[in-house]
Amino acid sequence: MAKITYIQPDGVEKSVDVDNGLSVMEGAVRNMVVGIDADCGGACACATCHVYVDPAWTDKTGTADGMEESMLDFASDVEATSRLSCQIKVTDALDGLVVRIPRTQG
Amino acid sequence: MAQSHGVLIIGGGHAAVQAAQSLRQGGYGEPIRIISNEPVAPYQRPPLSKSYLLGELEADRLPLKPDAFYAENNIELTLDTLVSAIEPDKGRVRIERRGARSEHIAFSKLILATGARAITPNLPNDERALNGWFTLRTRADSDALGKWMERPRNAVVVGGGYIGLEVAAALSKSGGSVTVLEAAPRLLSRVSGEEVAAFYAREHAERGVEMRFSTSAFGLFGDVRVDGVRAGGGAARAERIDANLVVFGMGVRPNVELAQSAGIPCEDGVMTDEAGRTAHPDVYAIGDCARAWNRIFRRPLRLESVQNAIDGAKACAAAILDQPAPAAHAPWNWSDQYDIKLQTAGISAGADATVMRGDPDSGSFAVFYLRAGELVACDAINAPPEFLAARQMITRRAKPTPEMLRDTSTPMKTLAAAV
């Protein structure tokens, strides 16, 4: 289990416990975090679960693979730490993770 | 002013949930009620033919929303309840629940998100009563099929569209022989071009899936359990193909009966404008059951996809709230088979030219479909840039030349920016 803090587009921070094995996207959907659409449900098909990983955490979350990277390439407002949250799997090592959600998805 | 009875949504899929969510997000303050005939809260359907069927995605990861979503947003979710009639002029529907008398529920606005149901051959009752044949639409369907998959099997999948192929992939991955029967001379004939069909035929064949084209299913053999399929090029020439598991993936028929009985025009789908408005001012229809005017393709389209359900629901909510319509997007969809990801944008039907980008033998390529020079669709296989660029270009009705599309030395982002 990991405590994850989601910073919503409206600035509100939501800190929630997310079970291991779920994705960071699923943690957001289950806890009604605003700003993550995740239309495809986690199939890495739609790029509507874009988040910015807090720079302190990028070592632990890893980096995007080729498929994810090319999806992100077409998302709006991409930054160096952009990820698709459906592709980040939650483990104990992510306890304390902070992600910020962009203003728009897609 | 009379008290509002709020919005009543019939159906328990993506469209129903998105409509309720968008109404609340847009500030709708009246009651919202979702009535679903399924026994469980709305869930994701795409995994039912893929990861969920294979047991890779657990049941508790299927729901679209946590239970708290409905309570927190004051959305009343009524499950296991059938709507047997709608009476738009009286502003009410009739519902039936097991062991209870029918009752009426009032609405101010009604949204039909009734979805579609799977087609099967016209089976006589004794064949219909056999165990071991399936369609795939609901979680219960997937659970039943998954359970039957636990035993040794030789499976026949009837229908070489995306659902049929996804099920064939899942069946093949989990062991046992699989034969796909397709009535047309090739796979994916309604939705994709020949290049894509040939690629999938080869990928499945390499994994031992047998394909029989120009072959329709006419009936089932068996005593209590299915032990064969009656199939062939015509009913008179049909032969027996042994099978102890049969899945019909022959497409769907929209659930339009409620609208039809209320006199609302339907033509393979409830006819609507692009915001889901039907011919009746208080009734809307969205998702798989609707044939909605499409601004980009300039014709009414009935689409079966998550994207169509979500975008239709958002447009419908905006219309009910009397807010500006959200921007229209090109339709898109995806299919996962084995380790192959297809992403598709637009509608290829009616195209007059196709352009191949990349080499199918590399496992990553795209086919673009043009009509009168305009990009109308793209099938991208393990090729997200092609898909995403196409989605943008189709939405703004761009006209990239075949030469540009074919030229892999120019990145898709550069190409999309240039047209």
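Here are a few things to note about the model shown:
- Residues of the stretch A:52-106 that turn out to be more than 20 Å from B:GLN343 (Cβ to Cβ) and either of a type outside the set (A, V, I, L, M, F, W, C) or surrounded by fewer than 16 Cβ atoms within 10 Å (Cβ to Cβ) (or both), as a count: 24
- Annotation note: of B:GLY358, B:GLY373, the sole residue that is out of contact with any Leu (no Cβ under 8 Å at 6 or more places or on another chain), within 14 Å of another protein chain (Cβ to nearest Cβ) and on the phi > 0 side of the Ramachandran plot is B:GLY358.
- Single residue of B:SER49, B:SER22 found to be more than 19 Å from B:LYS314 (Cα to Cα), within 14 Å of chain A (Cβ to nearest Cβ) and surrounded by 15 or more Cβ atoms within 10 Å (Cβ to Cβ): B:SER49
- The stretch B:298-325 - residue that is within 14 Å of chain A (Cβ to nearest Cβ) and either assigned to a strand (DSSP E or B) or among the charged types (D, E, K, R) (or both) and, of those, farthest from A:CYS46 (Cα to Cα): B:LYS314
- Residue list for the stretch B:335-355, filter: crowded, with 24+ Cβ neighbours inside 10 Å, within 14 Å of chain A (Cβ to nearest Cβ) and more than 19 Å from B:ALA205 (Cβ to Cβ): B:GLN343, B:THR344, B:ALA345
- If you go through the stretch B:361-370 and keep only what is within 13 Å of chain A (Cβ to nearest Cβ) and touching a helix residue (DSSP H, G or I) at 6+ places or on another chain (Cβ under 8 Å), you end up with just B:ALA366.
- Subset of the stretch A:69-87 [within 14 Å of chain B (Cβ to nearest Cβ) and either of a type outside the set (D, E, K, R) or in contact with a Ser or Thr (Cβ under 7 Å, 6 or more places away or on another chain) (or both)]: A:SER70, A:MET71, A:LEU72, A:PHE74, A:ALA75, A:SER76, A:VAL78, A:LEU84, A:CYS86, A:GLN87
- Any hit, the stretch B:231-244, residues being small (Gly, Ala, Ser), closer than 20 Å to B:GLY11 by Cα and buried (at least 23 other Cβ atoms within 10 Å of the Cβ): no
- Test: residue in the stretch A:30-46 that is within 14 Å of chain B (Cβ to nearest Cβ) and of a type in the set (Asp, Glu): yes
- Some residue of the stretch A:5-15 being polar (S, T, N, Q), out of contact with any Asp or Glu (no Cβ under 6 Å at 6 or more places or on another chain), within 12 Å of another protein chain (Cβ to nearest Cβ) and outside any loop (DSSP other than H, G, I, E, B): no
The numbers here are math on the coordinates, done by the rules we state, and not lab data. All values derive from a computational prediction rather than experimental measurement. Positions of Cβ are generated from backbone atoms using ideal geometry, with glycine treated the same way; all protein chains shown enter the neighbour counts.
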